[in-house]
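Everything below concerns the one structure shown next.
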Amino acid sequence: MDFRLSPEQEQFRDAVRRFADKHLAQGARERAHAPGYPWDVAQRMAEQGLLGITLAQADGGQGGSLMDAVIAIEAIAAVCPRSADVVQAGSFGAIRVLAEYGSALHKKRFLAKLLSGESVICVGMTEPEAGSAVTDLATTATRDGEGYRVNGAKVFTTHSAYAELILAYVRFAPGVGGIGSVLIQKDSPGLRIGKPSAFMSGEEWAELRFEDVRVPADMVLLGEGGFKKQIAGFNVERIGNAARSLALGRYAYERARQWAMQRRQFGRLLCEFQGLQWKFAEMKIRLDAGQLLLYRAAANADRGFPSAEETSIAKAFCNQAGFDVANEALQAMGGLGYSQDELVEYCLRRCRGWMIAGGSIEILKNRIAESVFERSFPQRG
Ligand SMILES: Cc1cc2nc3c(=O)[nH]c(=O)nc-3n(C[C@H](O)[C@H](O)[C@H](O)COP(=O)(O)OP(=O)(O)OC[C@H]3O[C@@H](n4cnc5c(N)ncnc54)[C@H](O)[C@@H]3O)c2cc1C
């Protein structure tokens, strides 16, 4: 067992870091406070080969591994936390599910634009009455001639305010077995995009309402019985979510560490007070522990999908660790940490959201408990 990155991985990390230092350091603060998507960053990353890292070369991707994509998130977030979302959108989330399960037509029609950084795909699972209990989703796809009519609503969907393509979880029939997914384009008649709302992070989301949206049969991604496959793919999204939690926690830690070595109070540097040293030691322990869990889940996935158990453990730990570390880093920086002049408060706000998004920490712990006791625990009363 070797806990170090391989020479190729180190080279890749250093190259991404150089790219980030050159192109993303300037404007990092402004990007964090801008509500929309950083399209300029996406297009630059596309040119640099940082979109589609985990997609096969035959699909226009880089043919890299999930570990490569995690390394890219870490290297980018260390310079510009907001830009790490672009790596996520280009390699982890719905785009990866589309590349895995999509037909030749889907790939031909959508992948090139997504990989060029000109458009983004969002995944609509959550509904007003189906959050953690996602299999309660009520958006229906009803047979209509050669295709389907989709009716229902999705909430809290990341990128929903500007995504050109929606991967929507829908119900073809009752029960878990009746769930699948369809691809819906933004300009589809009957799709209503609500007024943008904002998360605590400042990111925009808008309600997606489907009113008799016509979906041709060839725009079904996964038909009836597709739910398990969909969730297997969703574990990739969770790895990216865990990686960003940890990377933003690390960003905050690093900034606070630098501050503690230059800020003086009572005639001494902050880092000379034991009360703060122990905080930093604790932060370091949590970051390193999270990284090992994250790397285990990502590296074991090789080029396939990560294990549900390892992903749940990594995400639950990294979500909590990222938030706790960002919180302690903020504390160690005093008023400056709480100020929007620094990105530490932004990292804290972002990390808070990932404790809920993509499977809350509680839901992940439910999944881990099933592995612990080797049995399922249905949550329904
Ligand atoms: C930043 C952010 C981005 C998001 N992006 C997307 C997206 O792109 N696409 C999308 O579809 N959705 C997205 N979501 C929605 C997210 O998936 C849901 O918010 C999440 O699944 C929880 O659902 P809920 O908000 O309805 O809370 P609820 O399900 O109502 O849960 C409320 C609380 O109860 C807890 N709880 C519920 N059931 C149990 C249980 N059985 N055991 C223990 N605790 C339980 C939850 O953990 C939570 O703390 C996003 C959310 C956030 C915050």
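The values are calculated or read from the model by the stated rules, or taken from the named source; none is laboratory data. These numbers come from a predicted model, not from an experiment. With ideal geometry, Cβ positions are generated from the backbone for all residues, glycine too; neighbour counts draw on all protein chains shown. The protein model used for the area step is the full one, side chains on, heavy atoms only, and it has no ligands, DNA or RNA in it. Shrake-Rupley method; radii C 1.70, N 1.55, O 1.52, S 1.80 Å.
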For this session: Evaluate the Kirkwood expression for the hydrodynamic radius of segment 263-332, namely the inverse of the mean inverse distance over all pairs of different C-alpha atoms, and round to one decimal in Å.
Result: 13.7
Exercise. Helix 39-48: angle to the longest alpha-carbon principal axis of the chain, degrees 0 to 90, nearest 10?
Worked result: 90
Exercise. To the nearest 10 degrees, how steep is helix 7-23 against the longest Cα principal axis of the chain, on a 0 to 90 scale?
Worked result: 90
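By accessible area of protein heavy atoms, probe 1.4 Å, what ranking do ARG192, ARG350, ARG257 get, highest first?
Working: ARG192 120, ARG350 10, ARG257 85 Å².
Listed by decreasing accessible area, they come as ARG192, ARG257, ARG350.
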Exercise. Rg (Å, one decimal) plus Dmax (Å, integer) for the alpha carbons of segment 60-124?
Worked result: 12.1, 37
Problem set entry | Cα long-axis angle, helix 227-260 against the chain (0 to 90 degrees, to the nearest 10) | 20
Problem set entry | Charge-dipole axis of segment 29-97 as Lys and Arg at +1 and Asp and Glu at -1 on Cβ define it, positive-most pick from ALA56, ALA34, LEU66 | ALA34
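Placing unit charges on C-beta atoms (Lys and Arg positive, Asp and Glu negative, everything else neutral), compute the dipole magnitude of segment 283-381 about its Cα centre in debye, rounded to 20. Could you put the intermediate results ahead of the total?
On the way: 12 positive and 12 negative charges, 57 e Å.
Rounded to the nearest 20 debye, it is 280 debye.
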For this session: Mind grabbing the base-10 log of I(q)/I(0) for the chain at q = 0.13 Å⁻¹? Debye formula, identical points on the C-alpha positions, no solvent, two decimal places.
Result: -1.06
For this session: Any chance you could check the Cα centroid distance between segment 151-179 and segment 289-339 for me, in angstrom?
Result: 27
For this session: Please go through the residue pairs LYS22/LYS195; LYS284/LYS365; LYS228/LYS284; LYS107/LYS154 and name each one whose alpha carbons sit more than 26 Å apart in this structure.
Result: LYS22/LYS195; LYS228/LYS284
Exercise. Accessible area of VAL123, 1.4 Å probe, to the nearest 10 Å²?
Worked result: 30
Problem set entry | Residue-level accessible surface for TRP39, protein heavy atoms, 1.4 Å, Å² | 80
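With both bridge residues required to lie in the chain, what share of the DSSP beta bridges run antiparallel, to the nearest 5%? Don't skip to the answer; put the middle values down first.
Values: 28 of 33 bridges.
If we restrict to bridges inside the chain, about 85 percent are antiparallel.
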Exercise. Distance in nm between label sites at LEU292 and HIS33, each 7 Å beyond Cα in the beta-carbon direction?
Worked result: 4.0
Exercise. Ordering TYR253, TYR169 from largest to smallest accessible area (1.4 angstrom probe), what's the sequence?
Worked result: TYR253, TYR169
For this session: Specify which residue in the list ALA297, ILE239, ALA357 is farthest towards the positive end of the charge dipole of segment 232-381, using unit charges on the beta carbon of Lys, Arg (+1) and Asp, Glu (-1), about the Cα centre.
Result: ALA357
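Using a 1.4 Å probe and counting only protein heavy atoms, arrange LYS315, LYS113 so the residue with the most accessible area comes first.
Working: LYS315 0, LYS113 85 Å².
Reading off the accessible areas and sorting them downward yields LYS113, LYS315.
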Exercise. If you take the square roots of the eigenvalues of the alpha-carbon gyration tensor of segment 206-301 and sort them as a ≥ b ≥ c, do you get rounded (a/c under 1.5), prolate (a/b over b/c) or oblate?
Worked result: prolate
For this session: Would you mind estimating how fast segment 48-191 diffuses translationally, via Stokes-Einstein at 20 °C and 1.002 mPa s with the Kirkwood radius over Cα pairs, in µm²/s?
Result: 133
Exercise. Round to a whole number: what % of the accessible area of segment 84-153 belongs to carbon and sulfur, probe 1.4 Å?
Worked result: 49
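Taking the Cα centre of the chain as the origin, how large is its charge dipole in debye, to the nearest 20, when only Lys and Arg (+1) and Asp and Glu (-1) carry charge on their Cβ atoms? Intermediate values should be presented prior to the final figure.
Numbers: 46 positive and 44 negative charges, 87 e Å.
It comes to approximately 420 debye.
Express as a percent, rounded to the nearest 5, the fraction of DSSP beta bridges in segment 65-202 (both residues included) that run antiparallel.
Values: 13 of 18 bridges.
Rounded to the nearest five, the antiparallel share is 70 percent.
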Exercise. Under a point spin-label approximation (7 Å from Cα along Cα-to-Cβ), what is the ILE356-GLN379 distance to one decimal in nm?
Worked result: 1.5
Problem set entry | Excluding exposed DSSP-loop GluC sites (Glu not before Pro) (at most 16 other C-beta within 10 Å), longest clean stretch of the chain | 225-373
